[in-house]
Amino acid sequence: MFIDERITTFIHSLETPESPLLEEIEDKALADRVPIIRKETQSFLKVLLQIERPGSILELGTAVGFSALLMSAYAPEGCRITTIENYEKRIPIARENFRRAGKEKDITLLEGDALEVMRGLEGPFDLIFMDAAKAQYIHYLPEALRLLEEGGVLVTDNVLQDGDIMESRFAVERRNRTIHKRMREYLYQLKHDERLLTSILPLGDGLAVSVKKGKTL
Ligand SMILES: C[S@@+](CC[C@H](N)C(=O)[O-])C[C@H]1O[C@@H](n2cnc3c(N)ncnc32)[C@H](O)[C@@H]1O
């Protein structure tokens, strides 16, 4: 953890519980070592959803459906969520979680590779939450930009890689070097693409929040 652990523990201690079902899904995911958004990222997303009030959300990386259900709980009524997952073992668990939450009508789970599925989507989406294969973010970006509404928000999780991102590539374990290189390229692109305005936050494992500029920005 690259952020002072005591600060994170303190912030966590202030959090209030979600619904019993969400708490159960989160506990089970953590016990099964399924990677899901951290508490502080959850809190940020909840606030962002209340500010942005999106009518449609695209999520890359469903896992067992925790973040999709959390977003659905804090997005305005009627918000449609489309979420993509390619790991067969997690897909039935996510579907069952959506059913248990009574969210089958609000959340559509599309099975397959995120990039391939995105290419077949129409959009536009008001908010895109990128939380799938980190090494692929740079490849997802053109499709995300195509699918994002003007003024829409792109949130990308895990961009600071527990602090590894600031290290030289030689200080990073050899097996992580491709991800390291591509994530740096991705962050550079987010900050230098003239269609986007981006803030990189040292929150959780690092969160990038980008807005697609519209005619007024
Ligand atoms: C960090 S987890 C998502 C967690 C989820 N958003 C949450 O917070 O509850 C990332 C997920 O992306 C999926 N994934 C990885 N590569 C993918 C790809 N190319 N296409 C679709 N899903 C992918 C993984 O199987 C994994 O379940």
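Readers should treat all values here as calculations from the given coordinates under stated rules, not as data from a laboratory. For clarity, every value in this text was computed on a predicted model and none was experimentally measured. Cβ coordinates were reconstructed from backbone atoms using ideal geometry, including for glycine residues, and neighbour counts include every protein chain displayed.
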Given charges at beta-carbon only (K, R positive; D, E negative), |dipole| of the stretch 1-148 in Debye:
80 debye
Between residue 194 and residue 27, what is the label-to-label distance in nm when each label sits 7 Å out along the Cα-to-Cβ direction?
5.4 nm
Over the stretch 104-201, what is the relative contact order in percent, taking alpha-carbon pairs closer than 8 angstrom and at least six residues apart?
25 percent
Gain in span if fully extended, residue 51 to residue 177, counting 0.36 nm per residue against the direct Cα distance:
41.7 nm
Count charges around residue 139 for me, please; just the other residues with Cβ under 14 Å from its Cβ, Lys/Arg as +1, Asp/Glu as -1.
+1
Can you tell me which of 28, 191, 134 moves the most in a GNM of the chain? Springs connect C-alpha atoms under 10 Å apart.
28
For the pair residue 100 and residue 170, how long in nm is the line joining their label points, each one 7 Å along Cα→Cβ?
5.0 nm
Non-local amide H neighbours of residue 37 (under 5 Å, H modeled in plane, Pro and chain starts lacking H): which ones?
67
For a quick check of your reading of the filter: which trypsin sites (Lys or Arg not before Pro) in the stretch 81-127 sit in a DSSP loop and have no more than 10 other Cβ atoms within 10 Å?
89, 105
If I take every Cα pair under 8 Å that is 6 or more residues apart in the chain, average their sequence separation and divide by the length, what percent do I get for the relative contact order?
17 percent
Out of 81, 25, 11, any idea which swings most in a Gaussian network model of the chain, alpha carbons joined below 10 Å?
11
Any GluC sites (Glu not before Pro) in the stretch 96-145 that lie in a DSSP loop and have at most 16 other Cβ atoms within 10 Å would be 104, 122
Helical contribution to [θ] at 222 nm, DSSP H n ≥ 4, -39,500 (n - 2.57), averaged over the chain, rounded to 500
-12500 deg cm²/dmol
